[in-house]
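The values are calculated or read from the model by the stated rules, or taken from the named source; none is laboratory data. This is a predicted model, so every value here is computed, not measured. Using ideal geometry, Cβ is built from the backbone for each residue, glycine included, and neighbour counts are taken over all protein chains shown. For the accessible areas, the whole protein counts, side chains as well, though only heavy atoms, and no ligand, DNA or RNA atoms are used. Shrake-Rupley method; radii C 1.70, N 1.55, O 1.52, S 1.80 Å.
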Amino acid sequence: HEREYSICDLCCGSGAIGISIAALRENTKVDLIDYYDVPEKVTKKNIINHKLKDRAKFIKSDLLKEVISKEKKYDILVSNPPYIKEEVIETLMEDVKNYEPRTALSGGEDGMYFYKKIVEDSSKVLKKNGILAFEIGHDQGQEVKCLMIDKGYKEVKIIKDLAGHDRVVIGEL
């Protein structure tokens, strides 16, 4: 019997990542975290639609603040945080910049604001040998990898998407 995993989907947006994991793996419990009202509404609705109320729950929090204060620990932390450089937002395709809330896009001046903050706090919520996995912008792989290595992560890898672009950085604490 596979062991049970506790997973945190941080900056969950609609909850797509965390809900997919919970739906695909019955032995998981997933906390989905976001700070805004729309993600809260949409994620809660998606949890109910996928009949996952017993294994997935939404937590409203400014990044990891809530779960750190409750001393929660996870096996895996996944995050697709806002990562677009502030100055680039205006140049995005219309269908992105006109429909995505700015808070879902902007990663601050260098696009790295959330990665820095999450990497910094991740050790407070990950179990020993816990895994941190990020979705990244195509040109952020090395920088995020270095942040993770500096914080003590091992086996840090950059994984490409189907188009051949760097898309995920993953490592073990």
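At-a-glance table
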item: Sites Tyr5 and Glu100, calculated FRET efficiency, Cβ-Cβ separation with R0 25 Å, nearest 0.05; result: 0.25
item: Relative contact order [Cα under 8 Å, 6+ residues apart], region 70-125, whole percent; result: 48 percent
item: Phi to ³J(HN,Hα) by Karplus 6.51 cos²θ - 1.76 cosθ + 1.60 over region 166-173, Hz, x for Gly, Pro; result: 4, 9, 9, 10, 9, x, 10, 7
item: Proximal charge balance of Ala104 [Cβ under 12 Å; K/R count +1, D/E count -1]; result: 0
item: Whether region 1-89 is rounded, prolate or oblate, judged on the alpha carbon gyration tensor where a/c under 1.5 counts as rounded; result: prolate
item: Cα-projected label distance for Asp54 with Lys157, points at 7 Å along beta-carbon direction, nm; result: 3.4 nm
item: Where labels lie 7 Å past Cα in the beta-carbon direction, separation of Ser20 and Lys124 in nm; result: 2.9 nm
item: Within straight-line cross-link reach of Lys128, lysines at Cα separation under 21 Å, skipping those fewer than 8 residues along the same chain; result: Lys29, Lys65, Lys70, Lys72, Lys73, Lys116, Lys117, Lys145, Lys151, Lys154, Lys157
item: Listed residues Leu92, Ser6, Pro81: farthest to the positive end of the dipole of the chain (Cβ charges); result: Ser6
item: Cα-centred dipole magnitude for region 1-122, charges only on beta-carbon of K, R (+1) and D, E (-1), debye, nearest 20; result: 680 debye
item: Within the chain, helix-based [θ] at 222 nm, where runs of 4 or more DSSP H residues each add -39,500 (n - 2.57), nearest 500; result: -8000 deg cm²/dmol
item: FRET efficiency estimate (nearest 0.05) - Cβ-Cβ, Ile68 to Asp150, R0 22 angstrom; result: 0.65
item: Portion, in percent, of the accessible area of the chain that falls on carbon or sulfur, probe 1.4 Å; result: 54 percent
item: For region 17-173: relative contact order, % (alpha-carbon pairs under 8 angstrom, 6 or more apart); result: 19 percent
item: ³J(HN,Hα), Karplus 6.51/-1.76/1.60, whole Hz, each residue of region 26-40, x for Gly, Pro; result: 5, 8, 10, 10, 10, 9, 10, 10, 8, 10, 10, 5, 5, x, 4
item: GNM top mover of Lys53, Lys29, Lys124 - the chain, alpha-carbon springs below 10 Å; result: Lys53
